[in-house]
Structure formats: C-alpha cells, structure tokens
Amino acid sequence: MLKGWIKSKTTDRYLRPLREQLISMIEPGTSIVEFGCGTGDLLFRASSQIQRGKGFDSSKSLIAFAKEKKRSSSVDNLEFICADIGKHDFLMERFDYGIASLFIHALPKVNRKQVLGKLSNISGKILIADFIPPGSFKERCWLHIDEMTTGHYQHYLTYCREDGMIGLSKQCGLTVMDQMHTFDPVINIFLMQK
C-alpha cells in the first residue's frame, strides 16, 4: 500500500484539476466505470454525486489502497477490482460513463484498441483524458522524460505515430464529440460516443 500512499501524495495531487474537470462533465445520479483507476481518486471525488462507480486497475497495491480508503471513509457506492482489462472479458453491466485518464497511451499497441473497444461497449459516453502533441520544445522534453521514467516510452511513441486518441477513436469506430483543453497543455479530454 506504500505505492498507493505515494501516488496519492504526488500524482493524485497534481492531477486534481484534471479530475475535477472530468467530474464536472458527469451528470449527477449516473454510473461510472473507470479503467486504470489507480488509487480510485477520481471515483472518490465523484462519489457524492454519482449513483455508483466501479474502478479497475491491474496494480494489486493501488487497488488495496483504494479498498482500504473505501472502508475507512464508509463510501458504499464504489467498488474496486484488481484485473488486467486487456486479458479479461468480465463486464456485462452498463454504465452511463466510461473513463480512462492517462491510461490508454501507456498500453501496448495491441491492447489499446481492445481496451477502448471494451470501454465503449459498456458505456453510454466515454471520457478519455490523454496526451496530445506538445506545443513547445520544453513540453516535448518534459513529456518524453516523464514517459521514459514511467516505463511507457515505447508505447507512447507508437501512440503518437498513430495520431494519438484521434487515430485510435477512428480505429474503434468512435466519434469524438468534443475535445477540451485542461490545466496541463499536453493533456486533453476527449468526449466520445459510438
């Protein structure tokens, strides 16, 4: 659970404005599924306005952190499951919103389309927060360093070569309804539907 605690004090704090922006796009009283939920930060932040939320992540320690936080905060409308989404077909229920933030670009090329397809099959609306091409040399350098240190660099490069989220949405037969800028100049939110 140390990994979850560290992530909650670093990444989750940095991404707070992004998560608040995503939550502002969700209608109250609806249901959410989040792929790559990490510590569950987005779902916890949304819990008071949604009917139910389910988060999936392949990290046992991050899911353990989320489950412990759920237990200690007495939130009863959230569920967290440790699973590799690319390898399992386990979701038959429907959700109003499917969310993935800074998750899709980190997947191997072979899994990106599969995971986005699964998310679109169970969700009415899809909200994806992910990288866009950097606008400056400085942004490009920081993004490349970030992806190298997280171990996602090769996956990120193929994601960029294939036109990022716009290219992937076309491959999956999804329509990008809107694309919104965020507090971070290299991250946009994509609203998609089938």
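The values are calculated or read from the model by the stated rules, or taken from the named source; none is laboratory data. Not measured: the values here are computed from a predicted model. Note that we place each Cβ from the backbone using ideal geometry, even for glycine, and neighbour counts take in every protein chain shown.
Tell me which residues, restricted to segment 67-104, are within 17 Å of Leu2 (Cα to Cα) and in contact with a helix residue (DSSP H, G or I) (Cβ under 7 Å, 6 or more places away or on another chain).
Lys69, Cys82
Would you check if Phe131 is aromatic (Phe, Trp, Tyr), at pLDDT 95 or above and surrounded by fewer than 13 Cβ atoms within 10 Å (Cβ to Cβ)?
no
Keeping to segment 134-156, report how many residues are loosely packed, with under 14 Cβ neighbours inside 10 Å and either under 21 Å from Pro108 (Cβ atoms) or among the aliphatic types (A, V, I, L, M) (or both).
6
For segment 52-65, indicate whether the set of residues that are of a type in the set (Asp, Glu) and without any contact (Cβ under 8 Å) to a residue 60 or more places away in the chain is non-empty.
Yes - at least one qualifying residue is present in segment 52-65.
Do any strands (runs of 3 or more DSSP E) entirely within segment 1-98 hold 2 or more residues that are under 13 Å from the mean Cα position of the chain (by Cα), charged (D, E, K, R) and surrounded by 18 or more Cβ atoms within 10 Å (Cβ to Cβ), and if so, which?
52-57
Conditions (1) without any contact (Cβ under 8 Å) to a residue 40 or more places away in the chain; (2) over 19 Å from Leu42 (Cβ atoms); (3) of a type in the set (Ser, Thr, Tyr), marked per residue:
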position: Leu91; (1), (2), (3): no, no, no
position: Gly98; (1), (2), (3): no, no, no
position: Ser101; (1), (2), (3): no, no, yes
position: Lys113; (1), (2), (3): no, yes, no
position: Leu116; (1), (2), (3): no, no, no
position: Phe137; (1), (2), (3): yes, yes, no
position: Cys141; (1), (2), (3): yes, yes, no
